[in-house]
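Peer 1: Quick one: the structure is below, and I'll ask about it shortly.
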Amino acid sequence: MNHRHRKVLHALFAHPVSANIDPKHVQSVFEELGAEVEHTGTGRIGVKLNGQSHAFHDTHHSLSKEEVVAIRHFLTQAGIDPTAYPA
């Protein structure tokens, strides 16, 4: 995982919750972690990672705080620990 991916991953888990994260960068992190990412065609992105799956809004703007919290929860359930990827 390169520095940019680690930076985005740590931003997802930062406190307070950031609302300035580019969804394209998050999708890139998902792919780097080995997730299957697919556009459903209904304005959603389906993500499967480590036996967990979730559908997120396909947005072209910065993620909202609620979306960041949902992504954080998904990654935690999938067993992703940001401390395993030092900044």
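The values are calculated or read from the model by the stated rules, or taken from the named source; none is laboratory data. Just so it is clear, the model here is predicted, and its values are computed rather than measured. Here Cβ is always computed from backbone atoms with ideal geometry, including for glycine, and neighbour counts include all displayed protein chains. These area figures cover heavy atoms from the full protein model, side chains too; ligands, DNA and RNA do not enter into them. Shrake-Rupley method; radii C 1.70, N 1.55, O 1.52, S 1.80 Å.
Peer 1: Residue by residue through the range 51-75, note down the ones that are part of a helix (DSSP H, G or I), open to solvent by 80 Å² or more (accessible area, probe 1.4 Å) and touching a residue at least 12 places away in the same chain (Cβ under 8 Å).
Peer 2: LYS65
Peer 1: Report, by residue number, each residue of the range 1-34 that is of a type in the set (Gly, Ala, Ser) and in contact (Cβ under 8 Å) with a residue 40 or more places away in the chain.
Peer 2: Across the range 1-34, the qualifying residues are SER18, ALA19.
Peer 1: Same structure again: Does the range 24-32 contain any residue that is open to solvent by 50 Å² or more (accessible area, probe 1.4 Å) and part of a loop (DSSP other than H, G, I, E, B)?
Peer 2: Checked against the condition, which is being open to solvent by 50 Å² or more (accessible area, probe 1.4 Å) and part of a loop (DSSP other than H, G, I, E, B), the range 24-32 yields no hits at all.
Peer 1: Let me ask another. Considering only residues that are in contact (Cβ under 8 Å) with a residue 40 or more places away in the chain and either open to solvent by 40 Å² or more (accessible area, probe 1.4 Å) or more than 19 Å from HIS5 (Cα to Cα) (or both), which ones fall in the range 76-87?
Peer 2: TYR85, PRO86, ALA87
Peer 1: When you scan the range 34-50, how many residues do you find that are of a type in the set (A, V, I, L, M) and open to solvent by 30 Å² or more (accessible area, probe 1.4 Å)?
Peer 2: 1
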